[in-house]
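Chemist: Mind having a look at this structure? Questions to follow.
The values are calculated or read from the model by the stated rules, or taken from the named source; none is laboratory data. Treat the numbers as computed from the prediction; the structure is a model and nothing was measured. All Cβ positions, even for glycine, are placed from backbone atoms using ideal geometry, and neighbour counts span all protein chains on display.
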Amino acid sequence: MNKNTTDKIIVTLTKWSGIALLTVLIIWSAVYFLKGYHYEQTNDAQIDAYLSPINAKVGGYISKIYYKDNQQVQKGDTLAVIELDEYGLKRDAASAELRSSQAKLPILAANQKTQIKSIEVIRAQLAGGKAKLNQQQREFYRYKNLLADESTTEQKFENVSTSLAIMQSDYDQTKASLQVAESKLNDLDAQRNAIEAEVKIKEALLQRQELDIKYTVITAPFDGHIGKKTIQEGQLIQPGQTLAFLVNKTEKKWVIANFKETQIGNFKIGQPVSIEVDAFPNEKLSGVIESLSPTTGSRYSLLPPDNATGNFVKITQRIPVRIKLTGRPEKLVKLSAGMNANVYVLKD
């Protein structure tokens, strides 16, 4: 093959390659602009799902961890265990305090029973004293009449009068003793109420300690896929500390697409959406617009921009749009929160 023939082949191949490339560019441009004409689209979109934190309800040192990174767990599976010794001692102390308070009740009941018997005795004495007092009063009036008729001596009348005063004093003393005894019985009733309240408090404290012991075993609240493990055995954790995140398998996933503010003018709830996930480029997902954010995404930032600072530069804002996935469950189960997606909303 001579040089001229080789040059012709190269020129021909270059020409047809250029034609093929130009054809591809034309087709791609046509598809792109056709999509742009019929769809509002954005590549600022991600798959989202609820990430439920697994928090410790009590603090302590971790004695055992039963899960690994990215593990599937079932509801009730033990994830980690906190050392029990300290909480066991607290429970024993609360149990002893409860028994101590409960032991006061039989003693108080015996004191109440004794006091009731004492009141019965005093009441009997009071009844006898009342009878004697009535008799002595009649004796006093009789001698008073005899003295007026000069049928008795002054001395005998004074003796009767003195006996009446003594009996009246004894009766008053017995009556006062009865009031004191009844007041003491009321005090014992009040003490009983206080001790019963104390017992209830001690029972609640014991239940709290038993609940803390239960909380030393950290379990999965539902079926799901656990994320990265961030704790180690022997690590000291605090109450409320997040130990891991669990993705609920039963909860549906959705898409958050951040459209430009210039794109959402005609968006409506229920509008159909087409979704392409970068992880599965050959699969198309469908969905509908579920809601539009009432504010731009920048308003949810830690430091929202203040356009009144004097150096304003207009920037097109983005509005988060929540999209409900309506595809087949076998497709949706492969999606993971945080995956990038391209979203196309059909124009009206």
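Chemist: In the set Ile195, Ile201, which member is within 30 Å of Gln115 (Cα to Cα), within 26 Å of the chain's Cα centre (by Cα), in a helix (DSSP H, G or I) and not assigned by TED's automatic domain parsing to the domain that holds Lys64? So that I can check it myself, show each step before the final result.
Modeler: On the way: Ile195 fails: within 26 Å of the chain's Cα centre (by Cα).
Answer to the check: Ile201.
Chemist: Determine which single condition Glu233 fails, assuming it passes every other condition in (1) assigned by TED's automatic domain parsing to the domain that holds Ala103; (2) under 30 Å from Arg91 (Cβ atoms).
Modeler: Only one criterion is unmet by Glu233, namely (1).
Chemist: Quick check on my filter: what residues within the stretch 53-101 are assigned to a strand (DSSP E or B) and in contact with a helix residue (DSSP H, G or I) (Cβ under 7 Å, 6 or more places away or on another chain)? Can you show your working first?
Modeler: Filtering the stretch 53-101 for residues assigned to a strand (DSSP E or B) gives 53-55, 60-65, 72-73, 78-82.
The answer is Gly60, and nothing else.
Chemist: Can I ask one more? Restricting to the stretch 149-167, and then to whatever is surrounded by 15 or more Cβ atoms within 10 Å (Cβ to Cβ) and not hydroxyl-bearing (Ser, Thr, Tyr), can you tell me which residue is farthest from Gln112 (Cα to Cα)?
Modeler: Phe157
Chemist: Looking at Gly88, Gly128, which one is among the small types (Gly, Ala, Ser), modelled with pLDDT of 90 or more and surrounded by fewer than 16 Cβ atoms within 10 Å (Cβ to Cβ)?
Modeler: On the way: Gly128 fails: modelled with pLDDT of 90 or more.
The unique qualifying residue is Gly88.
Chemist: Among all residue pairs at least 6 apart or on different chains, which show Cβ distances below 8 Å where the first residue, located in the stretch 329-348, is surrounded by fewer than 16 Cβ atoms within 10 Å (Cβ to Cβ) and the second is acidic (Asp, Glu) and part of a loop (DSSP other than H, G, I, E, B)?
Modeler: Once the first residue is surrounded by fewer than 16 Cβ atoms within 10 Å (Cβ to Cβ) and sits in the stretch 329-348, its partners that are acidic (Asp, Glu) and part of a loop (DSSP other than H, G, I, E, B) give Asn340/Asp278.
Chemist: Has the stretch 211-220 got any residue that is surrounded by 13 or more Cβ atoms within 10 Å (Cβ to Cβ) and farther than 25 Å from Asp92 by Cα?
Modeler: So far as the stretch 211-220 goes, yes, one or more of its residues are surrounded by 13 or more Cβ atoms within 10 Å (Cβ to Cβ) and farther than 25 Å from Asp92 by Cα.
Chemist: May I pose another question? Tell me which residues, restricted to the stretch 214-240, are of a type outside the set (Gly, Ala, Ser), part of a loop (DSSP other than H, G, I, E, B) and touching a residue at least 40 places away in the same chain (Cβ under 8 Å).
Modeler: Here is the first cut: in the stretch 214-240, the ones of a type outside the set (Gly, Ala, Ser) are 214-219, 221-223, 225-226, 228-233, 235-239.
Narrowing further to those that are part of a loop (DSSP other than H, G, I, E, B): 216, 221-223, 228-233, 235, 238-239.
Those that are of a type outside the set (Gly, Ala, Ser), part of a loop (DSSP other than H, G, I, E, B) and touching a residue at least 40 places away in the same chain (Cβ under 8 Å): Thr216, Pro221, Phe222, Asp223, Lys228, Lys229, Ile231, Gln232, Glu233, Gln235, Gln238, Pro239.
Chemist: Name the one entry in Thr295, Thr250 that is under 36 Å from the mean Cα position of the chain (by Cα), β-branched (Val, Ile, Thr), modelled with pLDDT under 85 and not in a strand (DSSP E or B).
Modeler: Working: Thr295 fails: modelled with pLDDT under 85.
Only one candidate passes the filter, namely Thr250.
Chemist: So Glu154 fits all but one of (1) at pLDDT below 90; (2) of a type in the set (D, E, K, R); (3) under 30 Å from Tyr67 (Cα atoms); (4) not assigned by TED's automatic domain parsing to the domain that holds Gly59; what number is the exception?
Modeler: Here Glu154 clears every test but (3).
Chemist: Whether any residue in the stretch 17-40 is surrounded by 13 or more Cβ atoms within 10 Å (Cβ to Cβ) and at pLDDT 85 or above is what I want to check. Working first, answer last.
Modeler: Quick first cut of the stretch 17-40, residues surrounded by 13 or more Cβ atoms within 10 Å (Cβ to Cβ) only: 35, 39-40.
Adding the requirement that they be at pLDDT 85 or above leaves 40.
Yes; the residues of the stretch 17-40 include at least one that is surrounded by 13 or more Cβ atoms within 10 Å (Cβ to Cβ) and at pLDDT 85 or above.
Listed here are the residues, each with its yes/no results for (1) modelled with pLDDT under 90; (2) assigned to a helix (DSSP H, G or I); (3) farther than 21 Å from Gly338 by Cβ; (4) not hydroxyl-bearing (Ser, Thr, Tyr).
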| position | (1), (2), (3), (4) |
| --- | --- |
| Leu206 | no, yes, yes, yes |
| Leu211 | no, yes, yes, yes |
| Asn258 | no, no, no, yes |
| Gly265 | yes, no, yes, yes |
| Lys284 | yes, no, no, yes |
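Per-residue answers, yes or no, for (1) within 60 Å of the chain's Cα centre (by Cα); (2) in a helix (DSSP H, G or I); (3) farther than 30 Å from Asp187 by Cβ:
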position	(1), (2), (3)
Gln115	yes, yes, no
Ala124	no, yes, no
Ala131	no, yes, yes
Gln137	no, yes, yes
Lys144	no, yes, yes
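Chemist: Give me the pairs, please: first residue somewhere in the stretch 247-270 and on the phi > 0 side of the Ramachandran plot, second residue anywhere and surrounded by fewer than 17 Cβ atoms within 10 Å (Cβ to Cβ) and at pLDDT 90 or above, beta-carbon distance under 6 Å, and either six or more positions apart or on two chains.
Modeler: The qualifying pairs are Gly270/Val288.
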